[in-house]
1. Pairs under 8 Å by beta carbon, first residue farther than 17 Å from LEU36 by Cβ in segment 155-180, partner in a loop (DSSP other than H, G, I, E, B) and of a type in the set (S, T, N, Q), six or more apart or different chains?
2. Pull up segment 67-112, narrow it to residues that are among the aromatic types (Phe, Trp, Tyr) and either modelled with pLDDT under 90 or not in a helix (DSSP H, G or I) (or both), then point me to the one that is surrounded by the fewest Cβ atoms within 10 Å (Cβ to Cβ).
3. Just to be sure, is GLN175 part of a helix (DSSP H, G or I), open to solvent by 20 Å² or more (accessible area, probe 1.4 Å) and polar (S, T, N, Q)?
4. Can you tell me which residues in segment 117-171 are over 18 Å from PRO184 (Cα atoms), β-branched (Val, Ile, Thr) and either open to solvent by less than 40 Å² (accessible area, probe 1.4 Å) or not in a helix (DSSP H, G or I) (or both)?
5. List, please: which pairs have Cβ atoms under 9 Å, are six or more places apart or on different chains, and start with a residue in segment 96-109 that is at negative phi and end with one that is among the basic types (Lys, Arg) and modelled with pLDDT under 90?
6. May I ask you to list the residues in segment 135-179 that are modelled with pLDDT under 95 and of a type in the set (Ser, Thr, Tyr)?
7. For segment 49-58, indicate whether the set of residues that are surrounded by fewer than 15 Cβ atoms within 10 Å (Cβ to Cβ) and of a type outside the set (Lys, Arg) is non-empty.
8. Going through segment 45-79 one residue at a time, which ones are out of contact with any helix residue (DSSP H, G or I) (no Cβ under 7 Å at 6 or more places or on another chain) and either among the hydrophobic types (A, V, I, L, M, F, W, C) or farther than 17 Å from LEU97 by Cβ (or both)?
Amino acid sequence: DAAVARAEGGAPLLREAVEVIRNHPSGSLVCVTCSLVAMELWEGPAWRDLLGRHVRGARDTGMLSLLPMALDYLASFHLQAGDFVMATALTDEAAALNAAIRLVPPPYTPIMLAAWRGDQPETAKLSEVGVQDAFPRGEGSALVLTEYAAAVLDNGLGRYKTALAAAKRATAGDQLVAKSWALPELV
């Protein structure tokens, strides 16, 4: 398929760009975008390093409005790495900061944490909130993340047909963020 061939052709260039940013001493703000590219390429060390750099940059500059988002992204890395303790600690820190600055962010990492823990009521509640909040912002990745969480939850609970349907929905379409996370659930 032509789209797969183009994506495969672009991956080496994206990996090179990630390494250039990763090894450059300047601005941590570009790290978020570049870390998302590293995430999609499954470049774990680069993903972790760039997110860590973003968190440090937000802390060092006192950018309280950016720090919770940086912590949330770093928590999602640790979640995918299987470190639920660190993911929870980072998510809790982000939630405390968000409460202090009166920001209500989308609950994407908490949805995924609840799904991986097998907490069906919490996953459903957070997914509903996440999707409702995403529509006004035009945020299609919210649907991918909630379908991914549903696939994780259903696979974990042995509901394989339901998990397969959710994984298919998560991997369909053109949203990149977290779409690749759902591929193992599809398998």
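1. Nothing qualifies.
2. TYR73
3. Answer is no for this residue.
4. THR123, VAL131
5. PRO106/ARG137
6. Correct list: SER141, THR146, TYR148, THR171.
7. Step one: of segment 49-58, the residues surrounded by fewer than 15 Cβ atoms within 10 Å (Cβ to Cβ) are 56.
Right, trim to of a type outside the set (Lys, Arg) and you get none.
Within segment 49-58 (the criterion being surrounded by fewer than 15 Cβ atoms within 10 Å (Cβ to Cβ) and of a type outside the set (Lys, Arg)), the answer is no, since none of the residues qualifies.
8. PRO45, MET63, MET69
The values are calculated or read from the model by the stated rules, or taken from the named source; none is laboratory data. Computed from a predicted model, the values in this text were never measured in an experiment. Glycine also receives a Cβ, built like all others from the backbone with ideal geometry; neighbour counts cover every protein chain displayed. Just so you know, the surface numbers come from the protein's heavy atoms only, side chains and all, with ligands and any DNA or RNA stripped out. Shrake-Rupley method; radii C 1.70, N 1.55, O 1.52, S 1.80 Å.
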